[in-house]
1. Out of (1) at pLDDT below 95; (2) more than 16 Å from Leu116 (Cβ to Cβ), what's the single condition that is false for Lys14?
2. Do we have Lys115 as basic (Lys, Arg), in contact (Cβ under 8 Å) with a residue 12 or more places away in the chain and either buried (at least 21 other Cβ atoms within 10 Å of the Cβ) or farther than 19 Å from Lys2 by Cα (or both) here?
3. Testing Lys115 on (1) of a type in the set (D, E, K, R); (2) in contact with a helix residue (DSSP H, G or I) (Cβ under 6 Å, 6 or more places away or on another chain); (3) at pLDDT 95 or above, one condition comes back false. Which one is that?
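The values are calculated or read from the model by the stated rules, or taken from the named source; none is laboratory data. Model, not experiment: these values are computed from the prediction. As a convention, Cβ positions derive from the backbone with ideal geometry for all residues, glycine included, and neighbour counts pool all protein chains shown.
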Amino acid sequence: MKVLVVDFEDDSRKAMVKSLAHLGFDVFEAADVKQAQLHMSEHPDTHLMMLDFNLPKVSGFDYLVELRLTPEHVETPLVVMVTNENSMGSMLSALAAGANEYIMKPFDDEIVAGKLEMIGALPARHKEHICH
């Protein structure tokens with residue numbers, strides 16, 4: 001399954017890529033919305049996107065709204081917002097805009113696997129293979 005990690009913070013993006021690769025996903029990276037849009041045009045079969053809420057220039061939230069307004073992306077990819085925004089308002093706004101789940105930074109492999117299980121992107125049996 002193809003997954004796109006969109007995060008401008010190198011360390012955070014690399015940590016998510018590592019977690020997802022360990023879970024067996026085919027992982028791609030983007031540092032901003034422009035790169036994410038390019039990826040989606042080249043890989044329309046991307047099934048999951050881990051999207052940072054606070055991207056430079058165009059926010060992850062704004063990109064999520066744009067993505068969900070595109071007919072072919074109303075339901076896919078599944079989108080998990082990843083952020084250090086801890087306000088309930090931000091979380092509810094993202095979910096209302098079409099995010100499937102929300103992960104707070106900092107995260108670990110277990111949190112990532114658990115959230116992906118919740119949205120059906122990862123079978124429950126994979127969680128036991130996580131290295132700490």
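1. The one condition Lys14 does not meet is (1).
2. Against the criterion (basic (Lys, Arg), in contact (Cβ under 8 Å) with a residue 12 or more places away in the chain and either buried (at least 21 other Cβ atoms within 10 Å of the Cβ) or farther than 19 Å from Lys2 by Cα (or both)), Lys115 does not qualify.
3. All conditions pass for Lys115, except number (2).
Per-residue answers, yes or no, for (1) modelled with pLDDT under 95; (2) hydrophobic (A, V, I, L, M, F, W, C):
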| residue | (1), (2) |
| --- | --- |
| Glu75 | yes, no |
| Thr83 | yes, no |
| Ala99 | no, yes |
| Ala124 | yes, yes |
